[in-house]
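In what follows, a single structure is set out as structure tokens and then discussed.
The values are calculated or read from the model by the stated rules, or taken from the named source; none is laboratory data. Source: prediction; values computed, not measured. Neighbour counts are summed over all protein chains in view; Cβ atoms, including those assigned to glycine, are modelled from backbone coordinates with ideal geometry. Heavy atoms of the whole protein, side chains included, go into the accessibility calculation; ligands, DNA and RNA do not. Shrake-Rupley method; radii C 1.70, N 1.55, O 1.52, S 1.80 Å.
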Amino acid sequence: RRAQIDFQNAQRQAKEWGQELTLVQRSKENLETELEKLAHETVAPTSMAKVQHQYESRIAQLEEQLNEADSSKALAAKIREHVDRHHDELRKFVMNSGPMDASFQSRLLAELKLVDDDLEREMSLRSKHFPSTSSNDV
């Protein structure tokens, strides 16, 4: 009789464990299905090679912009030297010329000063486009 009760208890416990195992298997299958669905919905992360390529491309762009800025800076300096040299020559010519009207000399020198000031303003505005340059550099 006792063996029969133990046997029935063991059968009941085996049946319960079987039901629990079935529930666990269903949960596992549901989780796997949900994981697959999430994996398909999620955009694959960008590969390291692609990220590195984008990074290197951006570096190349920035280097090119820097070279262009340096070229512009050098060109602006040459233009400034050229204009300054010609203005100096004009000033010397005006001052060393013979009998000229004094008011004409004054007006001409004032015009040269205005052109110098305009040029300085223009160079200053342009230097703001290239933070590495300043009006002292140009």
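For the reader, a short list of remarks on this structure follows.
- In the context of the full set of protein chains, residues of region 1-109 present 91 Å² of accessible surface per residue (probe radius 1.4 Å, heavy atoms only).
- Positive-pole candidate from L31, A76, V51, dipole of region 1-117, charges at beta carbon: L31
- Projecting the Cα atoms of Q65, H87, G18 onto the charge dipole of the chain (Cβ charges, centred on the Cα centre) puts G18 farthest toward the positive pole.
- Accessible surface of F93 - all protein chains present, 1.4 Å probe, nearest 10 Å²: 130
- Efficiency of FRET from Cβ geometry, D84 and Q61, R₀ 25 Å, rounded to 0.05: 0.15
- Ranking of R121, R80 by solvent-accessible surface, largest first: R121, R80 (1.4 Å probe, protein heavy atoms only, all chains present).
- The fraction of accessible area contributed by carbon and sulfur in the chain is 56 percent, rounded to a whole number (1.4 Å probe; ligands and nucleic acids excluded).
- Mean projection area, nm², convex hull over Cα of the chain: 17.2
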